[in-house]
Amino acid sequence: MNTWKESWRQTRAEVLERQEGRHWYSTRGARRLIAAAVVLSLVLLWADVALSWADAPSEDADLSDFALLALSMVIYFPAVTLLNIATRGVVEMSERNLDERQIGERLRTVAVAHQVTTGILAVLYVTALVAGSSRGPDYSMPADAIVSMALALLLTHFVLPLIVSAWRLPDPPDDDD
């Protein structure tokens, strides 16, 4: 008898193997365009962080935060779903469902994403350090900005391996007649 966890994994694997909607991601250019859409959604999230940091607390900032978050999510979820299907779950699936080539690709992808995330964290640290020291000892970062930053950092960390994997994925070889 299958547990719900095994059933869920099997259903996800079947969904990732479907060929429906393949025209959305069948070429390298299409996958890179979808990856760029995910990057755009992340840029909107980080713009929300900057806006929250600069304008909080105010009603205009709250409305802008919500608008940027909503727009980002409208782009993020469909694009990430398409990238997961395009990469056949290389980043998402457990190792037992991947072959050796896919495991190697995932390791390379995660290494590149880790380097990018480290750079982002370094920039955030320096930014917070400069902002804190230039505004005096009583300065504290607004709570809205901290929440926005945590969400942006979490989603960036979560999706960077997927973006790198989709960006690097070559076109399949042409069918031989």
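The number of residues in the range 29-71 that are among the small types (Gly, Ala, Ser), within 11 Å of the chain's Cα centre (by Cα) and under 24 Å from Ala128 (Cα atoms) comes to 1. Of the numbered criteria (1) surrounded by fewer than 20 Cβ atoms within 10 Å (Cβ to Cβ); (2) at negative phi, the one Ala113 fails is (1). Only one of the listed residues (Tyr139, Tyr125, Tyr76) is in contact with a helix residue (DSSP H, G or I) (Cβ under 6 Å, 6 or more places away or on another chain) and without any contact (Cβ under 8 Å) to a residue 12 or more places away in the chain. That residue is Tyr139. If you go through the range 102-122 and keep only what is touching a Leu at 6+ places or on another chain (Cβ under 9 Å) and charged (D, E, K, R), you end up with Glu105, Arg106.
Determine, yes or no, whether Pro57 is surrounded by fewer than 17 Cβ atoms within 10 Å (Cβ to Cβ) and modelled with pLDDT of 90 or more. No; evaluated as a whole, the condition is false for this residue.
Given the condition exposed (fewer than 10 other Cβ atoms within 10 Å of the Cβ), of a type outside the set (S, T, N, Q) and out of contact with any His (no Cβ under 6 Å at 6 or more places or on another chain), answer yes or no: does some residue in the range 150-172 qualify? Looking for residues that are exposed (fewer than 10 other Cβ atoms within 10 Å of the Cβ), of a type outside the set (S, T, N, Q) and out of contact with any His (no Cβ under 6 Å at 6 or more places or on another chain), one finds at least one in the range 150-172, hence yes. When each of Leu69, Leu44, Leu82, Leu98 is tested for being over 26 Å from Ala145 (Cβ atoms), touching a helix residue (DSSP H, G or I) at 6+ places or on another chain (Cβ under 9 Å), surrounded by 15 or more Cβ atoms within 10 Å (Cβ to Cβ) and modelled with pLDDT of 85 or more, the lone residue that passes is Leu82. With respect to being surrounded by 10 or more Cβ atoms within 10 Å (Cβ to Cβ) and not in a helix (DSSP H, G or I), Tyr125 falls outside the description. Looking at Ser140, Ser133, Ser165, just one residue is of a type outside the set (A, V, I, L, M), in a helix (DSSP H, G or I) and either in contact with a Pro (Cβ under 9 Å, 6 or more places away or on another chain) or more than 28 Å from Val80 (Cα to Cα) (or both), and that residue is Ser133. Is it the case, given these coordinates, that Leu51 is touching a residue at least 12 places away in the same chain (Cβ under 8 Å), under 25 Å from Val91 (Cβ atoms) and assigned to a helix (DSSP H, G or I)? Answer is no for this residue.
The values are calculated or read from the model by the stated rules, or taken from the named source; none is laboratory data. What you see is a predicted model; the values in this text were computed from it and never measured. Here Cβ is always computed from backbone atoms with ideal geometry, including for glycine, and neighbour counts include all displayed protein chains.
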